[in-house]
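Chemist: One structure is given below, represented as structure tokens, and several questions about it will come after.
Values quoted throughout were computed directly from the atomic coordinates according to the rules given, and no laboratory measurement underlies them. Predicted model, so just to flag it, every value in this text is computed and none were measured. No Cβ is skipped: glycine too gets one built from the backbone with ideal geometry, and neighbour counts run over all protein chains shown.
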Amino acid sequence: MKTDFDKSISELETITARLESPNITLSESIELFNKGVLISKKCLEVLEESKGKISELTDEINNISKPFELQD
């Protein structure tokens, strides 16, 4: 099952292929370009959110894996 992110990437690929087509009108290309920009923004938001989650998990792992300090 594809995630929303995967669907968005597939949609961007479809838009790109259509924009590269020689049989596209100017108005259609502008409409597709605008749609692609909006989808790209959503994808970037998802990636930034994922980056934050990964950073949090990495910090947790680093805290868990710290060696015990010996007490004097």
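Chemist: The list (i) 30, 13, 8; (ii) 46, 10, 8; (iii) 40, 16, 9 gives values of semi-axes √(5λ) of the Cα gyration tensor in Å, and only one came from this structure; which label was calculated from it?
Modeler: (ii)
Chemist: Taking K and R as +1 and D and E as -1, what net charge do the other residues with C-beta under 12 Å from the C-beta of Val46 add up to?
Modeler: The answer is 0.
Chemist: Rounded to the nearest 10 degrees, what's the angle between the helix 26-64 long axis and the longest principal axis of the chain, both from Cα atoms, 0 to 90?
Modeler: Once rounded, one gets 10 degrees.
Chemist: For helix 4-19, what angle does its Cα long axis make with the longest principal axis of the chain, in degrees from 0 to 90 and rounded to 10?
Modeler: Relative to the chain, helix 4-19 is tipped by roughly 30 degrees.
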